[in-house]
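See structure below.
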């Protein structure tokens, strides 16, 4: 029974939709044809969308790494006043769902943004500055929201770097730069490859920033949505296949590069000590830089919070909103029409996450008893929904199940379920890896039945990690926008779609109130997950 359920999800939920999309892209009218591909590459707009997607993603990796890695070194290697506060604040972008973060930047740095208008008045400019739009705006938003991947991955990697090896390099006369280049950075390569991979995938899948700030900039994620909206399904399928191929190609290249090198050390496992900052000028500089970093990182959160109290339709040309009210929040919970997206997000995320937990436990038990090609094939299928952008997964689901689920309220939670399977399965698998096999063997030796052993020995040890992974899947589903905009119907519209709807109507206060609610839900869930994760384990993102 377990084997049947595991294979059913792997084949019907993951393999079939993606294979269907790939094959159908070559059969636009029921017969084999390369016409849609030829049309895509023969038009400047198609080539522009593909090249822009790749360019923006590579640049996002570079910018995010340039910010996140130095921050990780700063907080890991130096001791100074307020370090732990700044380190916590450095993770603040995690709390901003993609669409909410983009809205915050729109209110701050857009043509009518507070920062842009303030600088216009102070500097006596003829127009607001900066006026975020185009590729530079997309990269600005990506750098803010994605550097946290490099920061968290590099921080976890630095925790594993053996200080004894660095001290040995110093003893042998290596300079600080040589030690960094020859000892420290090679040990960080797995973490940096992982961060680069997540950043590149996130950028390729990014929809909110290009959709709101892109203007005339074409990217594949938005072009897929536009093609579907215009009824040009053959072109949408071609764009979906190309986006998937680009993402998977980078995944294979980075994994190949990582696999060619050996990164394990032979040291004593000594943890590095933080060096205190004693110079007064250095302390002042650290304080100034720290203050600027804090303000920049917290400002989007504060902006969304302030805007959530702005009365809809009152902020137009003024520098600051003229009227504030609590009615936005009251309406969210008292008006059934406004509360419906909240209820939809909660029940769809809860159902998808519950299914993730149950199926993830079954799949992990099943996989641990399999060897050879079947296990490798199943592992590859499980990671596929994470490796593919949300637009690819969503459109594949819509097209492959168009005769059964398309247009129903069931499809969106099913997409959430498939999208977040890798998060839960990986968390459960990590918990199994940390479990002492002798405990399970001892239970069998004492005559315990297999199901009794699983229920009384294995599950209590695995469940905290499983629940923590499920909570991560839950918050991902809560803030999911990319898949939702492809799949949703009006009756199951989630919070993210309602935020966009309110933004289009210039109801900035209501849109921000939804955003604050999302941030609170995500923060509470993350805190619960942190308590369940316990000390001594890597973050779930690792």
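The values are calculated or read from the model by the stated rules, or taken from the named source; none is laboratory data. Nothing here was measured: the structure is a model prediction, and the numbers come from that model. Every residue, glycine among them, receives a Cβ derived from its backbone with ideal geometry; neighbour counts consider all protein chains shown.
Output the residues belonging to segment 123-160 that are surrounded by fewer than 16 Cβ atoms within 10 Å (Cβ to Cβ), under 16 Å from residue 217 (Cβ atoms) and without any contact (Cβ under 8 Å) to a residue 40 or more places away in the chain. Correct list: 131, 136.
Tell me, please, whether a residue that is surrounded by 14 or more Cβ atoms within 10 Å (Cβ to Cβ), assigned to a loop (DSSP other than H, G, I, E, B) and either outside the structural domain of residue 473 (by TED's automatic domain parsing) or free of Cβ contacts under 8 Å to residues at least 24 places away in the same chain (or both) can be found in segment 326-347. Within segment 326-347, not a single residue is surrounded by 14 or more Cβ atoms within 10 Å (Cβ to Cβ), assigned to a loop (DSSP other than H, G, I, E, B) and either outside the structural domain of residue 473 (by TED's automatic domain parsing) or free of Cβ contacts under 8 Å to residues at least 24 places away in the same chain (or both).
Go through segment 363-395 and report how many residues are touching a helix residue (DSSP H, G or I) at 6+ places or on another chain (Cβ under 8 Å) and in a helix (DSSP H, G or I).
Within segment 363-395, the first condition is being touching a helix residue (DSSP H, G or I) at 6+ places or on another chain (Cβ under 8 Å), and the residues that meet it are 363-368, 370, 375, 378-379, 381-395.
Applying the additional criterion that residues be in a helix (DSSP H, G or I) yields 363-367, 375, 378-379, 381-387, 390-395.
Result for segment 363-395: 21.
Of all residues in segment 91-99, none satisfies being at negative phi and over 16 Å from the mean Cα position of the chain (by Cα).
In this entry, residue 50 passes the filter for residues that are part of a helix (DSSP H, G or I), in contact with a helix residue (DSSP H, G or I) (Cβ under 7 Å, 6 or more places away or on another chain) and surrounded by 15 or more Cβ atoms within 10 Å (Cβ to Cβ). All of (1) more than 27 Å from the chain's Cα centre (by Cα); (2) farther than 30 Å from residue 502 by Cα hold for residue 326 with one exception: (2).
In summary, residue 74 fulfils each of the numbered conditions (1) modelled with pLDDT of 95 or more; (2) within 25 Å of residue 193 (Cα to Cα) with the single exception of condition (1).
Filtered by the rule that a residue be buried (at least 22 other Cβ atoms within 10 Å of the Cβ) and not in a loop (DSSP other than H, G, I, E, B), segment 476-496 gives 477, 478, 479, 482, 483, 484, 485, 486, 487, 492, 495, 496.
Scan segment 414-423 and tell me whether some residue there is touching a helix residue (DSSP H, G or I) at 6+ places or on another chain (Cβ under 9 Å), crowded, with 19+ Cβ neighbours inside 10 Å and assigned to a loop (DSSP other than H, G, I, E, B). Yes, some residue in segment 414-423 is touching a helix residue (DSSP H, G or I) at 6+ places or on another chain (Cβ under 9 Å), crowded, with 19+ Cβ neighbours inside 10 Å and assigned to a loop (DSSP other than H, G, I, E, B). Considering only segment 351-360, state which residues are within 21 Å of the chain's Cα centre (by Cα), surrounded by fewer than 24 Cβ atoms within 10 Å (Cβ to Cβ) and farther than 18 Å from residue 408 by Cα. Within segment 351-360, 354, 355, 357 qualify.
For segment 472-512, give me the residue count where each residue is within 23 Å of the chain's Cα centre (by Cα) and within 24 Å of residue 415 (Cα to Cα). Spell out the reasoning first.
Here is the first cut: in segment 472-512, the ones within 23 Å of the chain's Cα centre (by Cα) are 472-488, 492-501, 503, 511-512.
Of the ones still in play, those that are also within 24 Å of residue 415 (Cα to Cα) are 472-488, 492-501.
Residues in segment 472-512 being within 23 Å of the chain's Cα centre (by Cα) and within 24 Å of residue 415 (Cα to Cα): 27 in total.
Counting the residues of segment 11-35 that are surrounded by fewer than 20 Cβ atoms within 10 Å (Cβ to Cβ) and assigned to a helix (DSSP H, G or I) gives 10.
Could you please find all residues in segment 263-297 being surrounded by 13 or more Cβ atoms within 10 Å (Cβ to Cβ) and either under 30 Å from residue 331 (Cα atoms) or modelled with pLDDT under 65 (or both)? Within segment 263-297, 263, 265, 267, 270, 272, 297 qualify.
Test residue 67 against the stated conditions and say whether it is more than 29 Å from residue 279 (Cα to Cα), touching a helix residue (DSSP H, G or I) at 6+ places or on another chain (Cβ under 7 Å) and surrounded by fewer than 20 Cβ atoms within 10 Å (Cβ to Cβ). If you could, list the steps in order and put the result at the bottom.
On the way: more than 29 Å from residue 279 (Cα to Cα): no; touching a helix residue (DSSP H, G or I) at 6+ places or on another chain (Cβ under 7 Å): yes; surrounded by fewer than 20 Cβ atoms within 10 Å (Cβ to Cβ): yes.
No: the conditions fail for residue 67.
Please state which one of 532, 540 is in the same structural domain as residue 325 (by TED's automatic domain parsing), part of a helix (DSSP H, G or I), in contact with a helix residue (DSSP H, G or I) (Cβ under 6 Å, 6 or more places away or on another chain) and at pLDDT below 70. Just one listed residue meets the conditions, 532.
In this structure, residue 59 does not satisfy being farther than 26 Å from residue 221 by Cα and assigned by TED's automatic domain parsing to the domain that holds residue 141.
Given the criterion touching a residue at least 24 places away in the same chain (Cβ under 8 Å) and exposed (fewer than 15 other Cβ atoms within 10 Å of the Cβ), identify the matching residue among 57, 45, 91.
Details: 57 fails: exposed (fewer than 15 other Cβ atoms within 10 Å of the Cβ); 91 fails: exposed (fewer than 15 other Cβ atoms within 10 Å of the Cβ).
The match here is 45.
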